[in-house]
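Data block below; observations after.
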Amino acid sequence: MKQIKLTVNRKSYELSVQPWRTLLEIIREELRLNGTKEGCGIGECGACTVIMDGKTVNSCLVLAVEADGKEVTTIEGLADGDKLHTVQEAFVENGGLQCGFCTPGMIMSAKVLLDENSSPTEEEIRRAIAGNFCRCTGYTKIIESIKAAAQK
Amino acid sequence: MSEFSVIGKRLPRVDARVKVTGEAKYAGDFELPGMLWGKLLGSPYAHARIVNIDTSRAEKLPGVQAIITGKDFGGYTLQYRFYAKDIPPLAADKVRHYAEPVAAVAATDEDIAEEATELIKVDYEELPGVFEPEEAMQDRAPQIAGEFKNNICVDYHWDFGDVQKGFDESYLVREDRFRTGRVTVGFLEPPAIMANYDPSGAITVWAAKAAPYSLYYSLADCFGLPWNKVRVIQPFIGGCFGGAKNMGDPLDFCAVMLSKKAGRPVKIVYTQEEVLTACSRRHPAIIDIKTGVKRDGSLSAIQIGVISDAGAYHYLSVTAMYLMGGLTTLPYKLPHYKYDGYAVLTNNPTSTAMRGFGVNHTRYAAEIQLEMLAEELGIDPVEIRLKNAIENPRPGSSYETINKVVVKSCGAIEAIEKVAASPLWKQRAEKEKEGSISRGTGLACGVFETAQKPGGWHQSCAAIVRVCEDGTINLLTGASDAGQGSDVVLCQITAEELGVALEDIDIKRVDTAYTPCDAGTWGSRVTFLAGLATQAAAADAKQQLVIVAAEKWGVKTEDIEIKDRKVSVKSDPKKSMPFFSLVRWACYSTPGAVIIGTGYSGHEPADCDFDTGVGNDGCAYSFAAQAAKVEVDMETGQIRCTDTTIAQDCGRALNPMSVEGQYQGGSTQGIGQVLYDEFIMDRGKTLNPTFLDYKLCRSTDVPDNKVMIVEAIDPGGPFGAKEASEATTVSAPPAVVSAIHDATGIWFKELPVTPEKMVKALKSKGNKD
């Protein structure tokens, strides 16, 4: 077992983890933050996207031990109490989700894009979420939601 | 000004907030104390007899709590209506497809469960396998199931009118063979279940199932329990579209059986690799089609022969084969029609329903063949469609096809005209050639049924509207929102009918212990049938309140109006009170009034005979037209769909924002079928069972699109609504294939159209020119 210290959604945790466990597994099973999903387990679908030290990562490809000393944000960390984050609100208002399974990962990718680039072009939006697979929406309303969030 | 307060408004989905915050729980997110993890062991052979299973080494692995094999199920097989009953939860005597489950383990963690499956020793006697349906039909082919000679599990032969006469009277006749490919259903959330078997004789499961009542019947059947002891609780579902998350799948039965054996709750979650290797996928089909047209382009006769790959089990191929043939008589007027459809067993994974079920294959073939004929005749593709399209019947009347499909509302012509008038279509001649890129635009129509009526099952939907004493509402229904957006629409219907606001309505996920039944989310039935049930239940609750108001004010019930949360007397509007005041008055001032409205969708049972192809399988029909523009790189063969314009008739758009999203999603899946989706198989084994190698449409692939809603109000639907998106999904493949032809001069009769196929075809064309 390895000891790791990390911050998740502004809370500090000290955990004992087996070296082969992934960040996704400990987020879901140890911290019981189930908003982050496993879609494929091999880093191809983006459903497990979280933010680690400011950058999006596929948490199914990050070993828990790699997150030692890092700051992680999951979907649960975006809203401020009852107040939704601008990106979350934009998705709700613009129909940017249907089944919702890709949504947490999609929103994390959108948030980081807008943190780095407050007025992205459509091409930049498409590229930013190219690692987040969605089967329901055909992406159009997701792109529109991100544009709307950028304008707020 | 709109006649409605809530219907027809662009409203956010009622479950959007919990989904964007991560609060929404899906099946894999549940846990119970003492929970075990389950894992299935699949067969390494596509066709083999199971000689022996030795679980002794696995049993000794610390952490293993229970192991089951096919024998544990005592011969139980999954029932599909009254047509088929052949899929076992775990194969008992033989396996019929690669990775078919043969055993399952429950252990204290997922890794131990997986390790244990590797310690189970299964002795197989490999049998010769067959992987192409045309081969499987031959006498020399291995017999997969004892009951089906030549592996033919479905064969329909329908004959309407006189096709020979129709062809004799035709000016031009074409015969072509088309093939559709091997395509996954593609839901992102893998099937998952948490099951608890109570030794007193009761089952509770949290399962990602879009037809929870179907699983409920199946579990009761499998475990010999009365239905009231089976409880299926439905979490949020990460997409369904047909497939393994509709009816019972092996993991569902195994989780319950393992729980029974271990005495603890068991959770099983498939990996995406298991899904892409073993789970059911869309039927591939070979379509031999012959179309005859008159000189002016009007359709004279169509003859279709379909051979589809049913995969390893009979399952629901009857419905597939009905749908492949049954709606060919739409969206155009057709006087003569002959259909011969075969579903053939092979040792591939079982084929299943998927968006645009059945119609997807033959509509692609029929649309492209019609385009080929139009080209030869020199008739514009829009003109030929307008010439043949069924007109919207006047209110009170209907159009009946030669196979007695009754259409009461049809927006086909309006959809075609809207697309034809769009900038994308109008600018199609401006085909810029840019270096090696050639651009082209194509158009096609689609059709689908609304509210499929299943034979042999409870087809009704029911709803309960409970009015709380403060005027807020609980809506309970067995109808499942798998992501398609039925929850918001049902809440809108409730709010509209009762005269209150959308935010006053709360809908809970399906729980068979509390929600009244519904057959499931398939056949585009939910908005229509659950909508009607909800409308009836809301009207019932409203009437109970109206009676109280009428008595209070001494007027007739017809004189009471409830709108926008206000109750008033129509003839004397000064007499009014807020809705919640009326509710409180009703509940507290009259003897024990509890306001609960109930309703069910009262539709006639199915009158469709699959053997003859006669009758209605659906309650209504939807129509779409789609134009697509593609860019083809004439050197590399790569194709990109850059633009689409979609118009679909959905009866009435109860929530236009949601309807648009459905059209966009459906179109994208259809485009994927042409350009991306493809299972590469090697004798039954899927060689690309990951998203790395099975290509799906990404955000960088999806075209710019314009969606238009057509409303041909249906007399039978709730507020006139019909299905929203399957017709669009059906129209997408032929639109893209037509666009590819416009760009390259090549008709692709086999899907998908890969860069390799394009390069070969361009070379071949180059050699001929």
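The values are calculated or read from the model by the stated rules, or taken from the named source; none is laboratory data. Quick caveat, the model's predicted, so the values are computed rather than measured. Quick reminder, even Gly has a Cβ in these numbers, built from the backbone with ideal geometry, and neighbours come from all protein chains shown. For accessibility, only protein heavy atoms count, side chains too; no ligands or nucleic acids. Shrake-Rupley method; radii C 1.70, N 1.55, O 1.52, S 1.80 Å.
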Completion exercise
Over the range A:37-152, with neighbouring protein chains present, the accessible area per residue in Å² at probe 1.4 Å is 36
Handout entry: the range B:1-79 - charge dipole about Cα centre, Lys and Arg +1 at Cβ, Asp and Glu -1, debye rounded to 20
Key = 220
Problem - Using θ = phi - 60° and Karplus 6.51 cos²θ - 1.76 cosθ + 1.60, couplings along the range B:263-268 (whole Hz; Gly, Pro as x) - result: x, 9, x, 10, 10, 10
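Suppose all protein chains stay in the model; what accessible area per residue would a 1.4 Å probe give for the range B:67-217, in Å²? Walk me through the intermediate numbers first.
Working: 6090 Å² over 151 residues.
Value returned for the range B:67-217: 40 Å² of accessible area per residue.
Which trypsin sites (Lys or Arg not before Pro) in the range A:19-102 pass both tests, a DSSP loop state and at most 12 other beta-carbon atoms within 10 Å?
A:32
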Problem - Chain lengthening between residue B:588 and residue B:51 when straightened (0.36 nm per residue, less Cα-Cα) - result: 186.3 nm
Practice task
Please report, in whole Å, how far the alpha carbons of chain B spread along each principal axis, starting with the longest.
Solution key: 88, 72, 50
Practice task
Using only atoms on other chains, find how many Cβ atoms lie within 10 Å of each Cβ of peptide B:265-278 and report the average.
Solution key: 1
Problem - Protein accessible area in the range B:65-190, 1.4 Å probe - carbon and sulfur % - result: 43
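Using a probe radius of 1.4 Å on protein heavy atoms only, what is the accessible area buried between chains A and B, both sides summed, to the nearest 100 Å²?
The A and B chains share an interface burying roughly 4000 Å².
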Problem - Estimated 222 nm signal from helices in chain B, with DSSP H stretches of n ≥ 4 weighted -39500 (n - 2.57), rounded to 500 - result: -8500 deg cm²/dmol
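Indicate, rounded to the nearest 5 percent, the antiparallel portion of the DSSP beta bridges found entirely in chain B.
If we restrict to bridges inside chain B, about 80 percent are antiparallel.
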Exercise for the section: Normalising by the residue count of the range A:75-152, find the relative contact order in percent from Cα pairs under 8 Å and 6+ residues apart. Expected result: 44
Problem - Additional length obtainable on full extension of the chain from residue B:558 to residue B:121, 0.36 nm per residue less Cα span - result: 150.0 nm
Handout entry: Qualifying trypsin sites (Lys or Arg not before Pro) in the range B:248-337, DSSP loop, other Cβ atoms within 10 Å at most 15
Key = B:294, B:295
Completion exercise
Measure of exposure for residue B:458: accessible area at 1.4 Å probe, Å² rounded to 10, is 100
Problem - P(r) histogram, all alpha-carbon pairs of the range B:1-92 included - 5 Å bins from 0, percent - result: 2, 8, 11, 12, 12, 11, 10, 10, 8, 5, 4, 3, 2, 1, 0
Exercise for the section: Could you tell me which GluC sites (Glu not before Pro) in the range B:98-162 are loop residues by DSSP with no more than 16 other beta carbons within 10 angstrom of their beta carbon? Expected result: B:147
Exercise for the section: List every residue whose amide H lies under 5 Å from the amide H of residue B:66, counting only residues 5 or more places away in sequence or on a different chain, with H placed 1.01 Å from N in the peptide plane. Expected result: B:106
Handout entry: Inter-site label distance for residue B:71 and residue B:765 at 7 Å from Cα along Cβ, in nm
Key = 6.1
Practice task
Would you give the gap between the C-alpha center of the range B:627-678 and the C-alpha center of the range B:374-397, rounded to a whole Å?
Solution key: 22
Handout entry: residue B:467 accessible area, 1.4 Å probe, all protein chains in place, Å² to nearest 10
Key = 10
Completion exercise
Simple spin-label estimate for residue A:30/residue B:501, 7 Å along Cα→Cβ, in nm, reads 4.5
Practice task
Divide, for the protein assembly as shown, the radius of gyration over alpha carbons by 2.2 N^0.38 Å, where N is the residue count.
Solution key: 0.94
Practice task
Averaging sequence separations of C-alpha pairs under 8 Å and six or more residues apart, then dividing by the length of chain B, give the relative contact order as a whole percent.
Solution key: 16
Practice task
Take the solvent-accessible surface of the protein heavy atoms, probe 1.4 Å, and return the percent of it on chain A that carbon and sulfur atoms account for.
Solution key: 44
Practice task
Would you kindly find the accessible area of residue B:547, with a 1.4 Å probe and non-protein molecules such as ligands, DNA and RNA excluded, rounding to the nearest 10 Å²?
Solution key: 90
Practice task
Considering only A:82, A:115, A:53, give the residue with the highest GNM mean-square fluctuation for chain A, with springs between Cα atoms whenever their separation is below 10 Å.
Solution key: A:82
Practice task
Using a 1.4 Å probe on the heavy atoms of the protein chains only, list every residue of the range B:682-709 that has 10 Å² or more less accessible area in the complete assembly than in its chain alone.
Solution key: B:690, B:691, B:692, B:696, B:697, B:698, B:699, B:700, B:702, B:704, B:705
Practice task
Quick one: which residues, 5+ away or cross-chain, put their amide H under 5 Å from the amide H of residue A:63? H built at 1.01 Å from N.
Solution key: A:23
Problem - Net dipole in debye of chain B [+1 Lys, Arg Cβ; -1 Asp, Glu Cβ; about Cα centre; nearest 20] - result: 860
Problem - Probe 1.4 Å, protein heavy atoms only - accessible area per residue of the range B:390-494 in square angstrom - result: 36
Practice task
Run the accessible area of the range B:561-700 with a 1.4 Å probe and give the carbon-and-sulfur part as a rounded percent.
Solution key: 51
Problem - Expected-Rg normalisation [2.2 N^0.38 Å, Cα atoms] applied to the range B:234-349 - result: 1.52
Practice task
Count, for each residue of A:72-85, the Cβ atoms from other chains sitting within 10 Å of its Cβ, then give me the mean as a whole number.
Solution key: 2
Completion exercise
Phi-derived 3J(HN,Hα) across the range B:285-299 with the Karplus relation (6.51, -1.76, 1.60, θ = phi - 60°), rounded Hz, x for Gly and Pro, is 9, 10, 10, 9, 10, 10, 10, x, 10, 7, 4, 8, x, 6, 5
Fill in the blank from the handout: Between the alpha carbon centres of the range B:559-626 and the range B:184-243 the gap in Å comes to 29
Problem - Residues of the range A:119-152 buried by at least 20 Å² on assembly (accessible area, 1.4 Å probe, chain alone as reference) - result: A:126, A:130, A:133, A:135, A:136, A:137, A:138, A:139, A:140, A:141
Completion exercise
Quarter of the surface of the C-alpha convex hull for the range B:201-258, i.e. direction-averaged projected area in nm², equals 3.6
Problem - Between the range A:77-152 and the range B:274-317, the Cα center-to-center distance that results, in Å - result: 38
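What whole-number volume per residue, in cubic angstrom, does the convex hull of the C-alpha atoms of the range B:707-764 give?
In the range B:707-764, the Cα convex hull volume per residue is 109 Å³.
Got the relative contact order for the range B:191-307 handy, in percent, Cα pairs under 8 Å and 6 or more residues apart?
Values: 187 pairs, mean separation 32.0, N = 117.
In percent, rounded to a whole number, it is 27.
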Problem - Occluded residues from the range B:230-245, i.e. those whose accessible area drops by 30 Å² or more once the chain is not alone (1.4 Å probe) - result: B:241
Practice task
Enumerate the calculated ³J(HN,Hα) couplings along the range A:20-27 in order (Karplus 6.51 cos²θ - 1.76 cosθ + 1.60, θ = phi - 60°), each rounded to whole Hz, writing x wherever the residue is Gly or Pro.
Solution key: 8, 6, 8, 4, 4, 5, 6, 4
